[in-house]
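Here, each number is a calculation from the coordinates, and none is a lab measurement. Nothing here was measured: the structure is a model prediction, and the numbers come from that model. Reconstructed Cβ throughout: ideal geometry from the backbone, glycine too, with neighbour counts over all protein chains shown.
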Amino acid sequence: MAADDKPNMVDHARRRVFRTADLPPEQRNAAWNEIAAPFFDHVVPLVDKTMDGEIECDLLGDWATCRICFNPHSYARREPHHAEAAFDHYFIQLYVRGSLHGECAGRGVYVRPGDILILDVRESSVLRTSSGEIITLIIPHATIDRLPADLHGQVLRHELPSTRRLAAQFESLQARLAEVAGGDGIDPLQSTILDALRAAIDESIGQRVEPGSSGVLGEQPTETRPEPAGGRAPGRSDPAPLRAVHDILLDWARRGD
């Protein structure tokens, strides 16, 4: 298939959803790891022998949005990427169902339903998650680094009003994908989400909110935020790496036909 003939990830009439159930069991772990490989070194199921779940993904300009359902697993990025690496992005992850714990470059994290986790895919992390469902926004560094902060491993707690408003934006985006994807509504939608994200980060850093459950790993620090390194100027990012990941996802989806 020629490059120009590949399905467009915002063409909802031809949109595909990757499901492990559509593949033979012996291919499921390989498929999940290939899709995750640009971001994480490995994904390992914790209870079952194979990964079980589905991934739904769309491009929104130079962003991507994914809804992911999964069984318990661990995933890790052992070594940080250089800033020049192809993927210079944040994952902003709303936990609709399930929980997560682990560490992000030495910062202990614990995430519960309704919390939002921020991951810098250039940095190291070792994480374990229960079965669950998340909505992930993949956003370029250049978009968000205008807010000076060490965001890797930052958890926005659902107890805070600004986090709940941001979560509502995530849910609204999922409901409106067919309406906004590929259209004129992307820029104002991105601006609205970024405003909500900045407000949630500011409130979370200003108010230390401890999880209610016991045995929680260390919470993120709340000291004065440093200026981001490298002096990256704000701007748009090349969406080609995200398109490449989506092509991998589509390829595995087609194998299930």
_Amide H of Gly53 versus every other amide H placed in the peptide plane: which residues, excluding those fewer than 5 positions away on the same chain, fall under 5 Å?_
Thr20, Ala21
_Radius 9 Å from Cβ of Val121, net charge of other residues (Lys, Arg +1; Asp, Glu -1)_ = -1
*Once amide H atoms are placed 1.01 Å from N in the peptide plane, what residues at a sequence separation of 5 or more from Gly98, or on another chain, have their amide H within under 5 Å of its amide H?*
Glu133
_What does the charge count around Ile135 come to, taking other residues whose C-beta lies under 9 Å from its C-beta (Lys +1, Arg +1, Asp -1, Glu -1)?_
-1
*Residue by residue, what Karplus-based ³J(HN,Hα) values in Hz, rounded to whole numbers, does region 100-107 have, using 6.51, -1.76 and 1.60 with θ = phi - 60° and x for Gly and Pro?*
9, 8, x, 9, 10, 6, x, 8
_Can you report the principal axis dimensions of region 3-207 using only the alpha carbons, biggest first, rounded to whole angstrom?_
47, 40, 34
